[in-house]
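Below: the structure, in structure tokens.
The values are calculated or read from the model by the stated rules, or taken from the named source; none is laboratory data. Small disclaimer: the values here were computed from a predicted structure and weren't measured. Don't worry about glycine lacking a Cβ; one is built from the backbone with ideal geometry, like all the others, and counts go over all protein chains shown.
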Amino acid sequence: MCGIIGYTGYEQAEKKITTGLEILEYRGYDSVGACLLKNGKHEITKVKGRINDLKARLSLGENEQAFTGIGHTRWATHGSPSDENAHPHKVGRVTLVHNGIIENYESIKAGLIKEGITFFSDTDSEVACALINKYYNESTHPCVAILKALREIRGSYAFAIMFEGYEGEIFALRYSSPLLVAKDKNGSYLASDITAFLPFTKEYATIHEGEIAHLTKDEIKIYSHDGTFEPQWQTTNLDYASAKKGGYEHFMLKEIYEQPDVVNECVLKRVKDFLPDFSYDKIDSEIFEGIKNIHIVACGSAMHAGMLGARLIEELSGVSASAFIASEYRYSPPLFHSPTLVIAISQSGETMDTLSALRYAKGSGCKILAIVNTHSSSIAREADKAIYTEAGPEIAVATTKGYISQLAILYLIACYLGLIRGRVNSIQCQEYIKDILDASNDMKKALERTSELRAFAEKIKDSEHLYYIGRGIDYSLCMEASLKLKEISYIHSEAYPAGELKHGTISLIENNTPVFAICTDERLYDKTKSNIKEVKARGANTFILCFSGAREPQKSAEHVFVLNGRSKISRLLNGVLTCQIIAYETARLRGCEIDRPRNLAKSVTVE
């Protein structure tokens, strides 16, 4: 959830830290802070608010230099957003920033208070700092103090720590929260996300669980129970320009417009002779062989992608497939009809609920396939096989291209399973692949119609409540459309199976209540059209998003938008794109902070 950045080297640390925090702000923006090493002292500046508020308070004196520092942007868990609860925290001779949750912090805190420790925040992070400080003294190496503290800590964490007595050095470690290191000729870096390094370097390495990274200006060493060694360096193909707005008003709008190319590239990497081929991901048919059951586990938008994917897999391959909310998977465990393939979906690859579900399924003997956007992420490493969507950096908190790339991969899996199981022949499968490649062009044409959708946004921008309805696969699409609208525009929005609205919820329909019906499936059009007439008769302001050739939709709804695309998958992806634009334009008209919606963070690394 929170973002961490650290630097030690030969250049001024303040600029490195603030630049990294600006990039990482999507991970949390309740408060922000930094610790800079100045004249041998840990000087902390932190504030409730955004990075610009921190930059206004940070200032180096004329003769001051700071070549080492750590920074943090916070998504509040323990303790409300405030200056006191902002990171870094300093206790004694230890200064620390933390992403994660210390589950047993209350009992640790109670013991430390009895020992005379005074706390100044409500956070679990300050408790971790105090515990490490308890075990650190002039004769104790920082790694020893850290390891002693870890024996008592239960939870998830990524720590970046500065110790008095080890000037110009930073220690870092992680468990179930992301943390990477990087280097260039000017020094050493650490961060929660690879994007924070892109202005400086492309050479990075992952810190694995159970390891401690030791950063100095000239090198990075990894300590583990196996000894001391160099990190395993990699070079990313991402670039800084891809993480910038590129002239768009918001990151979200930029990422919406990137989607046609994302779909196209995602598919072309995994197609040979217009047939699905996962050799790019070093995956052959083995992981799919003999599978009788598929569980898709995910959270939020990835869960909605999983719902759509499950329907596509069943339809094209005949394999039983179900989508599960990852946070519930372990507590109401499904029956594992062996052999079961579990597909774990996460844009960041670090979503804690999804990672926990993966571990539960793996412990139950299931094969695990990950669909992630982030290389070297925890979910990718712990899965048997991983497919990287490679959608590029997604900075806006509300996912767009990340979600649609997951859909594209699931569609390819459905086609592949159908082919190897003999459910579809090669000619049919080639047509399916051509359909999704055509969808990319249809999406580009849809982006030229934003003025029509802006008119829809004008009609709903002052609403307090809104409903999406659809049947079959369209209901799964409604779930994502509703989430997108509520998370960035703050309009209360709900999605319902169209046939269920009359079983209670229709009582909430009042005069001018907006109701959107999504109809991409010709087979279900007449029934969905009847449902929209039911709410229209009760005063609803009705909208239909339908396929070309739908019979007289204007007689059923006041407002009609005909989706681009001749094929089912094209209409589906264009339905996704259309609903994203409606949400974006509505939020823009309402003056909402689109890229950083309140109370949300990009990567949810706590349960």
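A few remarks follow.
- Filtered residues of segment 1-43 (kept if closer than 20 Å to Ile220 by Cβ, of a type in the set (D, E, K, R) and crowded, with 24+ Cβ neighbours inside 10 Å): Lys16
- Within segment 330-363, the set of residues being closer than 26 Å to Gly100 by Cβ and of a type in the set (Gly, Ala, Ser) comprises Ser332, Ala344, Ser346, Ser348, Gly349, Ser356, Ala357, Ala361, Gly363.
- Any chance Ser530 is of a type in the set (Ser, Thr, Tyr), surrounded by fewer than 22 Cβ atoms within 10 Å (Cβ to Cβ) and assigned to a helix (DSSP H, G or I): yes
- Taken over segment 69-105, the residue count meeting the criterion of being at pLDDT 90 or above, among the β-branched types (Val, Ile, Thr) and within 21 Å of Val47 (Cβ to Cβ) is 5.
- Within segment 453-481, tally of residues that are touching an Asp or Glu at 6+ places or on another chain (Cβ under 7 Å), in a helix (DSSP H, G or I) and closer than 17 Å to Asn541 by Cα: 3
- Selection of segment 554-593 for residues being surrounded by fewer than 23 Cβ atoms within 10 Å (Cβ to Cβ) and under 25 Å from Asp30 (Cβ atoms) yields Arg588, Arg590, Gly591, Cys592, Glu593.
- Conditions (1) touching a Ser or Thr at 6+ places or on another chain (Cβ under 6 Å); (2) touching a residue at least 40 places away in the same chain (Cβ under 8 Å): number failed by Ala326: (2)
- Inter-residue pairs, beta-carbon under 7 Å, first farther than 13 Å from Ser530 by Cβ and in segment 540-552, second in a loop (DSSP other than H, G, I, E, B), 6+ apart: Ala540/Ile509; Ala540/Thr513; Asn541/Asn512; Asn541/Thr513; Asn541/Glu558; Phe543/Ala557; Phe547/Thr520
- Just one of the listed residues (Ile569, Ile594) is closer than 20 Å to Glu480 by Cα, in contact with a Lys or Arg (Cβ under 8 Å, 6 or more places away or on another chain) and either modelled with pLDDT of 95 or more or of a type in the set (A, V, I, L, M, F, W, C) (or both), and it is Ile594.
- Cβ pairs under 6 Å, 6+ apart, first in segment 473-495 and not assigned by TED's automatic domain parsing to the domain that holds Ile582, second assigned to a helix (DSSP H, G or I): none
- The set of residues in segment 535-553 that are at pLDDT 90 or above and either buried (at least 17 other Cβ atoms within 10 Å of the Cβ) or not in a loop (DSSP other than H, G, I, E, B) (or both) comprises Lys536, Ala540, Asn541, Thr542, Phe543, Ile544, Leu545, Cys546, Phe547.
- Within segment 122-141, tally of residues that are surrounded by fewer than 22 Cβ atoms within 10 Å (Cβ to Cβ) and either in a helix (DSSP H, G or I) or within 31 Å of the chain's Cα centre (by Cα) (or both): 2
- Any hit, segment 175-184, residues being farther than 22 Å from Ala380 by Cβ and either in contact with a Ser or Thr (Cβ under 6 Å, 6 or more places away or on another chain) or assigned to a strand (DSSP E or B) (or both): yes
- Number of the condition not met by Ser548 [criteria: (1) touching a helix residue (DSSP H, G or I) at 6+ places or on another chain (Cβ under 8 Å); (2) under 30 Å from Cys415 (Cα atoms)]: (1)
- Just one of the listed residues (Leu358, Leu417) is in a helix (DSSP H, G or I), buried (at least 21 other Cβ atoms within 10 Å of the Cβ), in contact with a Ser or Thr (Cβ under 6 Å, 6 or more places away or on another chain) and in contact (Cβ under 8 Å) with a residue 60 or more places away in the chain, and it is Leu417.
- Of all the residues in segment 470-498, those that are farther than 14 Å from Met307 by Cα, surrounded by 23 or more Cβ atoms within 10 Å (Cβ to Cβ) and among the hydroxyl-bearing types (Ser, Thr, Tyr) number 3.
- All conditions in (1) out of contact with any helix residue (DSSP H, G or I) (no Cβ under 6 Å at 6 or more places or on another chain); (2) surrounded by 16 or more Cβ atoms within 10 Å (Cβ to Cβ); (3) among the aliphatic types (A, V, I, L, M) hold for Val515, with the sole exception of (1).
- Counting only residues that are surrounded by 16 or more Cβ atoms within 10 Å (Cβ to Cβ) and of a type in the set (Asp, Glu), segment 222-275 holds 3 of them.
- Residue among Leu190, Leu215, Leu131 that alone is closer than 20 Å to Glu14 by Cα, out of contact with any Ser or Thr (no Cβ under 8 Å at 6 or more places or on another chain) and modelled with pLDDT of 95 or more: Leu190
Results for (1) closer than 30 Å to Tyr10 by Cβ; (2) of a type outside the set (A, V, I, L, M, F, W, C); (3) out of contact with any Leu (no Cβ under 9 Å at 6 or more places or on another chain), shown as yes or no for each residue.
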position: Thr123; (1), (2), (3): no, yes, yes
position: Tyr136; (1), (2), (3): yes, yes, yes
position: His141; (1), (2), (3): yes, yes, yes
position: Gly155; (1), (2), (3): no, yes, yes
position: Ala160; (1), (2), (3): yes, no, no
position: Gly168; (1), (2), (3): yes, yes, no
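- Count - residues of segment 313-347 that are assigned to a strand (DSSP E or B), of a type outside the set (Phe, Trp, Tyr) and within 24 Å of the chain's Cα centre (by Cα): 10
- Check on Thr201, among the polar types (S, T, N, Q), surrounded by fewer than 23 Cβ atoms within 10 Å (Cβ to Cβ) and part of a strand (DSSP E or B): no
- Residue in segment 44-54 that is more than 30 Å from Asp353 (Cα to Cα), touching a residue at least 60 places away in the same chain (Cβ under 8 Å) and either under 22 Å from the mean Cα position of the chain (by Cα) or buried (at least 17 other Cβ atoms within 10 Å of the Cβ) (or both) present: no
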